[in-house]
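Here the structure comes first, spelled out in structure tokens, and everything after it is commentary.
The values are calculated or read from the model by the stated rules, or taken from the named source; none is laboratory data. All of these numbers come straight from a predicted model, not from anything done at the bench. Neighbour counts run over all protein chains shown; Cβ positions are idealised from the backbone, glycine included.
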Amino acid sequence: MKQLESQIAQALSQVLLETYQYTLPAEQINLQPTRKEFAGTFTFVTFPLTKALGKGPEQIGQGLGEALTQQAPQVAGFNVVKGFLNIEIKDSVWLQEFAHQVSGFGADLSKTGPKQKVVVEYSSPNTNKPLHLGHLRNNFLGYSVAEILKAAGADVVKVNLVNDRGIHICKSMIAYVKYGQDETPQSAGMKGDHLVGKYYVEFDKAYKQEIDALVAQGVEKELAKKQVPLMLEAQEMLQKWEQHDPETIALWEKMNGWVYEGFTSTYQNIGVDFDKFYYESGTYLLGKDRVEEGLANGVFYKKADGSVWIDLTAEGLDEKLVLRADGTSVYITQDLGTAELKYQDFHYDQSLYVVADEQNYHFQVLKAILKKLQKPYADGIFHLSYGMVDLPSGKMKSREGTVVDADELVQEMIDTARQKTDELGKIDGFSTEEAQQLYHTLAMGALKYFLLKVDPKKRMLFNPEESIDFKGNTGPFIQYTHARIAAIQRKAKELGISWGPETFTGVEVLHETEREALILLNYADSIIAEAARNFAPSTIAQYAFDVAKTYNRFYTEVPIFQETNPQVLSFRIALSAQVAKTIKRMMGLLGITVPERM
């Protein structure tokens with residue numbers, strides 16, 4: 001499509017010079033996609049030329065259109081709507097472009113130009129609770145952005161920073177010591193991450209009871225939160241951990257081990273992966289070294305109580321704590337260490353942090369600190385912020401046990417997929433194993449597509465029932481379109497029909513829906529490039545839906561196997577196959593698999 005756009009721009013530049021004696025280099029000509037309600041592929045806006053040419057925008061458009069039709073071999077016709085010249089391309093051009101696609105020619109974005117090194121950090125779970133619905137949006141977004149960047153030519157590394165230390169981890173540990181009675185995932189019949197999450201909730205319940213007891217004795221509530229025995233014990237445990245107390249470390253390793261087994265199972269089930277894991281326990285000390293370095297260079301300062309701070313008011317931010325008075329680190333401390341460790345490992349050009357928008361300020365601070373420390377990788381830091389996911393019942397809170405658990409939600413989606421698929425009779429002839437695989441494929445397609453089709457920056461409401469509909473802008477609708485085309489290809493093979501480019505060379509005239517599909521297919525690479533520039537899987541999702549919707553219109557209006565002209569028949573099967581290939585490619589960039597049968 002880029003090559004064709006360049007050819008039309010060159011032709012426009014030439015006719016501007018010949019018709020109006022006006023010089024406008026081709027690279028300065030901006031062509032836009034023609035709006036769907038008008039005929040045409042490219043639109044050239046003539047309003048900016050009225051002063052220079054001394055003519056009205058419609059007159060300019062008419063003159064350019066007539067000249068293009070006569071001189072540009074690709075142009076079939078044109079129409080002018082006010083100051084918009086809509087340029088129509090000949091069917092033969094689309095057929096030639098399509099033959100190149102089917103032959104496997106064309107630019108491979110992943111192999112062009114110098115590769116930029118990009119580290120995408122996502123998931124970043126805490127080891128005191130299982131993954132929840134919010135983590136699902138994070139995981140799907142991070143995985144998809146990484147895959148899109150790879151397809152656009154970047155050298156991408158997917159990393160996961162596990163928050164495996166800190167006061168929140170100690171809360172689960174203290175609760176387990178007090179109430180656990182040596183319970184294990186095996187004895188409880190629970191996944192390890194769920195078991196540890198149970199004790200995080202137990203801590204919060206007991207903590208609130210202790211606060212209420214102190215308040216009843218006349219202690220002010222904010223003071224009570226800091227003085228309750230349970231919180232003091234958790235803080236003492238954190239200090240013991242940082243002092244490498246053997247008993248504390250042993251408990252921490254045991255409980256974290258349970259959680260990792262649970263996380264691994266969830267990651268496999270939802271289809272995301274990582275090239276490297278980092279652990280806060282392994283990066284916070286390096287962060288402390290950076291704090292010491294900053295103290296020596298005057299970037300940080302120490303308060304009377306021994307805590308270490310940085311003043312970022314000149315950067316429009318605030319004063320920020322980087323080390324507590326007791327010497328324990330905070331989130332920003334380990335982030336300083338991790339940023340450096342990632343750079344040592346990969347010498348990245350860009351480091352993306354896929355983290356919810358609640359942490360916008362945190363990452364502004366991180367980047368500002370790294371700049372003050374004069375780190376060479378500071379400018380490459382980018383926070384890929386996304387909105388939270390809400391449910392009709394409201395916001396989720398892990399410590400209160402009101403989260404929508406990821407594992408439970410995935411199972412609920414699978415159950416819903418089973419029910420809807422069975423109702424529609426889409427598993428006739430499937431074995432039990434094949435049916436189970438289809439339910440999982442549809443469930444994950446519904447879940448991922450629903451969470452990714454929305455712009456990442458927008459807060460969203462998740463509706464499980466709506467997401468798994470087989471009609472409309474949903475994952476299952478697109479998956480079903482792919483399965484429908486796979487069935488067409490199987491039937492064509494049974495009938496002995498081939499559909500290579502040499503089989504439809506005589507086709508010259510396209511049905512309107514065929515032309516629309518061919519034009520859309522030509523945008524695939526530019527859509528990937530756009531999605532990569534904006535870190536926006538939603539761009540890919542919308543394109544996949546447009547391709548599926550356009551194909552279904554073609555399928556409805558143009559009966560494929562009733563066609564008697566063998567070349568036209570071959571072309572329509574080839575078109576169907578290319579649509580399926582494009583759908584599979586685009587859905588793959590969203591982390592979604594597409595079924596061959598339904």
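Structure notes:
- Members of the stretch 235-268 that are crowded, with 16+ Cβ neighbours inside 10 Å, polar (S, T, N, Q) and within 30 Å of residue 449 (Cα to Cα): 266
- Pair list, Cβ < 8 Å and 6+ apart or interchain, from the stretch 439-455 residues that are not assigned by TED's automatic domain parsing to the domain that holds residue 136 to residues that are aromatic (Phe, Trp, Tyr) and surrounded by fewer than 24 Cβ atoms within 10 Å (Cβ to Cβ): 450/462; 451/462; 453/545
- Only one of the numbered conditions (1) loosely packed, with under 14 Cβ neighbours inside 10 Å; (2) more than 19 Å from residue 374 (Cα to Cα) is not met by residue 314, and that is (2).
- Any chance residue 259 is in the same structural domain as residue 339 (by TED's automatic domain parsing), modelled with pLDDT of 95 or more, under 30 Å from residue 409 (Cβ atoms) and among the hydrophobic types (A, V, I, L, M, F, W, C): yes
- The one condition from (1) part of a helix (DSSP H, G or I); (2) without any contact (Cβ under 8 Å) to a residue 12 or more places away in the chain; (3) not hydrophobic (A, V, I, L, M, F, W, C) that residue 563 does not meet is (1).
- Helices (runs of 4 or more DSSP H) contained in the stretch 174-244 and holding at least 3 residues within 41 Å of the chain's Cα centre (by Cα) and charged (D, E, K, R): 192-216, 221-227, 229-242
- Scope the stretch 166-182; condition without any contact (Cβ under 8 Å) to a residue 40 or more places away in the chain and surrounded by fewer than 22 Cβ atoms within 10 Å (Cβ to Cβ); matching residues: 178, 179, 180, 181, 182
- Checking every residue in the stretch 547-558 against the condition of being assigned to a loop (DSSP other than H, G, I, E, B) and in contact with an Asp or Glu (Cβ under 9 Å, 6 or more places away or on another chain) gives at least one match.
- Test: residue 578 is under 26 Å from the mean Cα position of the chain (by Cα) and either among the polar types (S, T, N, Q) or not in a loop (DSSP other than H, G, I, E, B) (or both): yes
- Residue within the stretch 444-457 that is in contact with a Phe, Trp or Tyr (Cβ under 9 Å, 6 or more places away or on another chain), modelled with pLDDT under 95 and closer than 25 Å to residue 575 by Cα present: no
- Unique residue being basic (Lys, Arg), touching a helix residue (DSSP H, G or I) at 6+ places or on another chain (Cβ under 9 Å), modelled with pLDDT of 95 or more and surrounded by 14 or more Cβ atoms within 10 Å (Cβ to Cβ) when the list is 276, 288: 276
- Yes/no for residue 193 being under 30 Å from residue 453 (Cβ atoms), at pLDDT 95 or above and surrounded by fewer than 20 Cβ atoms within 10 Å (Cβ to Cβ): no
- Boolean, residue 510 is within 26 Å of residue 472 (Cα to Cα), surrounded by 15 or more Cβ atoms within 10 Å (Cβ to Cβ) and touching a residue at least 60 places away in the same chain (Cβ under 8 Å): no
- Test: residue 155 is under 33 Å from the mean Cα position of the chain (by Cα) and surrounded by fewer than 17 Cβ atoms within 10 Å (Cβ to Cβ): yes
- Some residue of the stretch 336-347 being in contact with a strand residue (DSSP E or B) (Cβ under 8 Å, 6 or more places away or on another chain) and more than 15 Å from residue 278 (Cα to Cα): yes
- In a residue-by-residue description of the stretch 283-300, the property of being under 31 Å from the mean Cα position of the chain (by Cα), among the basic types (Lys, Arg) and within 20 Å of residue 165 (Cβ to Cβ) applies to no position.
- The lone exception for residue 526 - which of (1) touching a residue at least 60 places away in the same chain (Cβ under 8 Å); (2) closer than 30 Å to residue 140 by Cβ; (3) in contact with a helix residue (DSSP H, G or I) (Cβ under 6 Å, 6 or more places away or on another chain); (4) among the hydroxyl-bearing types (Ser, Thr, Tyr) it fails: (3)
- Residue in the stretch 337-358 that is surrounded by fewer than 22 Cβ atoms within 10 Å (Cβ to Cβ), under 26 Å from residue 456 (Cα atoms) and in contact with a His (Cβ under 6 Å, 6 or more places away or on another chain) present: no
- Matching residues, the stretch 128-163, being within 30 Å of residue 327 (Cα to Cα) and either at pLDDT 95 or above or of a type in the set (Phe, Trp, Tyr) (or both): 159, 160, 161, 162
- Hey, residue 593 of a type in the set (Ser, Thr, Tyr), within 24 Å of residue 440 (Cβ to Cβ) and surrounded by 21 or more Cβ atoms within 10 Å (Cβ to Cβ) or not: no
- Applying the condition of being surrounded by fewer than 19 Cβ atoms within 10 Å (Cβ to Cβ) and without any contact (Cβ under 8 Å) to a residue 40 or more places away in the chain to the stretch 320-330 and asking which residue is farthest from residue 240 (Cα to Cα) yields 321.
- Of all residues in the stretch 476-498 being among the basic types (Lys, Arg) and free of Cβ contacts under 8 Å to residues at least 60 places away in the same chain, the one that is nearest to residue 551 (Cα to Cα): 490
- Within the stretch 416-452, being closer than 17 Å to residue 483 by Cβ and either touching a strand residue (DSSP E or B) at 6+ places or on another chain (Cβ under 6 Å) or among the hydroxyl-bearing types (Ser, Thr, Tyr) (or both) holds for 421, 431, 439, 441, 449.
- Some residue of the stretch 159-181 being outside the structural domain of residue 535 (by TED's automatic domain parsing), in contact with a Lys or Arg (Cβ under 6 Å, 6 or more places away or on another chain), closer than 30 Å to residue 339 by Cβ and not aromatic (Phe, Trp, Tyr): yes
- Annotation: residue 571 fulfils all but one of (1) within 28 Å of residue 442 (Cβ to Cβ); (2) buried (at least 18 other Cβ atoms within 10 Å of the Cβ); the unmet one is (1).
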